[in-house]
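Just so it is clear, none of the values below were taken in a lab; they were calculated from the coordinates. In this text the structure is predicted, and so the values were computed from the model without any measurement. For neighbour counting, all protein chains shown are included, and Cβ atoms are generated from backbone atoms with ideal geometry for every residue, glycine included.
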Amino acid sequence: MTAAPCVVDTSAWIEWLADTRLGKRLGRQFPDKPQWIVPTIVQLELSKWLNIIINDRFGHPVQPQGWFLVPLFVVDEAVERIKDGAITNYVYDPKAARLVKAVSASRAKKEKSG
């Protein structure tokens with residue numbers, strides 16, 4: 001019987017990736033890597049961080065840390081792909097602002113560099 005995909009919380013995944021003491025404890029609870037959904041979700045969260053400088057309420061320039069922007073329809077599609085188990089076949093394409101088949105994204109990178 002195949003295990004269902006499991007969403008691993010981004011903060012837990014980052015702890016594991018950074019090889020922290022907490023990450024090691026959390027890692028023992030993670031499902032096998034083929035069942036992870038987190039890499040695509042992390043792409044959605046991290047690939048659209050805004051690199052802007054705005055003025056705070058006192059007029060001082062600040063660069064926000066922790067902002068990201070992903071179109072709502074992409075989030076909706078990601079949720080549907082999680083539900084149907086297909087999320088592992090997709091990656092987020094920030095230039096197109098949409099999910100694309102993982103094969104398509106790697107092929108596009110090859111064509112672009114080649």
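What aspartates and glutamates sit close enough to K101 to cross-link, taking a C-alpha to C-alpha distance under 20 Å and skipping anything fewer than 8 places away on the same chain?
E45, D76, E77, E80, D84, D93, E111
Could you calculate the FRET efficiency of V75 with Q29 from 1/(1 + (r/R0)^6), where r is the beta carbon distance between them and R0 is 25 Å, rounded to 0.05?
It comes to 0.45.
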